[in-house]
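Bear in mind these aren't lab numbers, they're just calculated from the coordinates by the rules spelled out. Predicted model, so just to flag it, every value in this text is computed and none were measured. Positions of Cβ are backbone-derived with ideal geometry, glycine not excepted, and every protein chain shown enters the neighbour counts.
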Amino acid sequence: MLIHLILTFEVSLIAWLKSGSVFSVLAAFLGGILIDIDHLIDYFIHFRKLELKSLLAFPYQQTKSVYLIFHSWELVILVGVFSFFYPSLLLRVFVFSWGLHLFVDNIDGFKRKGFNHYFFLFRLAKGFSVDKLKGFIPT
């Protein structure tokens, strides 16, 4: 989590220096940090409650499925292509920050999970099953 904060701060600073817009800082924050809201969504789907203490140590091994909707390269690419056809600094900062977040997650979890886990279609093909997505259970 600390690495996401540091990188998001750096992207926010660059966006601020380039545009002078508070909104570009907000876009970087949304892409770099708030995409983790999908962990909150998964937690709520499984446990039907929200407890911050438990959420910080989300025990995927206690669940049967993992969705992580926003941890998806397909979505990053789709929004990135959209930003190419409809140029917007805010959208591009958001997509860059989001992609950087996923890249860091990929590097962090590569050895345990592999690269495929950050593709929504891969998780869908596995039925979002934790048992078939072995990397989500600490070994």
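Some points to look at:
- Partners for residue 132 among aspartates and glutamates (Cα-Cα distance below 18 Å; same-chain residues under 8 apart left out): 42
- Unit charges at the beta carbon, dipole of the chain: most positive-side option, 17, 117, 33: 117
- Here is how the number arises for the chain: DSSP H runs of 4 or more residues each give -39500 (n - 2.57), the sum is divided by the residue count, and the result at 222 nm is -20000 deg cm²/dmol.
- Listed residue (95, 46, 7) projecting farthest to the positive dipole end of region 2-136, Cβ model: 46
- Calculation over all alpha carbon pairs of region 87-130 in 5 angstrom steps from 0 returns a P(r) of 6, 20, 19, 20, 16, 11, 5, 2 percent.
- Amide hydrogen proximity for residue 65: with H placed 1.01 Å from N in the peptide plane, the residues at 5 or more positions away or on another chain lying under 5 Å are 130.
- Computed over region 2-136, the ratio Rg/Rh where both radii use C-alpha atoms and Rh is Kirkwood: 1.00
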